[in-house]
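Here is the structure we will look at.
The values are calculated or read from the model by the stated rules, or taken from the named source; none is laboratory data. Just so you know, these numbers come straight off a predicted model, no measurement behind them. Note that we place each Cβ from the backbone using ideal geometry, even for glycine, and neighbour counts take in every protein chain shown.
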């Protein structure tokens, strides 16, 4: 049974939050919505401009900036645009990522590099740009990365995605130490299975059924259930938490 959607409690009141890959119906979109409900001013970005405009219109009071996280100039333009519009940024949510299923035996260099560039290096580019802005503002701020339990667990056909998400976890831990002297916190979530239409489109029914059976609650997470944990990590309630990867999963061994 899916729990009741919780109301907001102003956990991010007055904060400016930037969310990557926020178009569509996945975790990024859910995070943007929850941040609005928690009192934040929100900047959403995505590489797909039409979907981004549609999502901005759906959410209402948000500022939308197109961004391809594989382009350093566009990442910097995202941060600069957010600051130009709201005067500062307080939270960076790095949600952009690319998956896919392909055996290592058949995987090309381009397929490997594409997943790593978006999922891991894109997170690095956004982290670096946000950190520089936080420091320029005088320090403070929070970064929340979207990792995955697949960074810990083996799954056939997921070598590129698993390597990228394990890299996001390592990036989270190490960059948190680099940022600590500036009062900046960096954490990540590691969801197991969060159901949304895009996932259903690119994953077989058989695999989804098998993965769902592994969940203790017998169902996939709703994207907003993952978003709730990301909001907590972004909020002042997590003021002494940094360099951590929080598993948002009911999956048992």
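Here is how the numbers come out for the structure above:
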item	result
Qualifying residue in segment 92-99 (condition: at pLDDT below 95 and either within 29 Å of residue 163 (Cβ to Cβ) or within 16 Å of the chain's Cα centre (by Cα) (or both))	yes
Which listed residue, of 55, 33, is under 17 Å from the mean Cα position of the chain (by Cα), over 16 Å from residue 93 (Cα atoms) and assigned to a helix (DSSP H, G or I)	55
Hits in segment 154-164 - residues which are within 19 Å of the chain's Cα centre (by Cα) and in a loop (DSSP other than H, G, I, E, B)	158
Flag if residue 80 is in a helix (DSSP H, G or I) and either at negative phi or under 20 Å from the mean Cα position of the chain (by Cα) (or both)	yes
Subset of segment 131-153 (residues that are part of a helix (DSSP H, G or I) and more than 18 Å from residue 245 (Cα to Cα))	131, 132, 133, 134, 135, 136
Set 128, 51, 114, 71: member being surrounded by fewer than 17 Cβ atoms within 10 Å (Cβ to Cβ) and under 24 Å from residue 242 (Cα atoms)	128
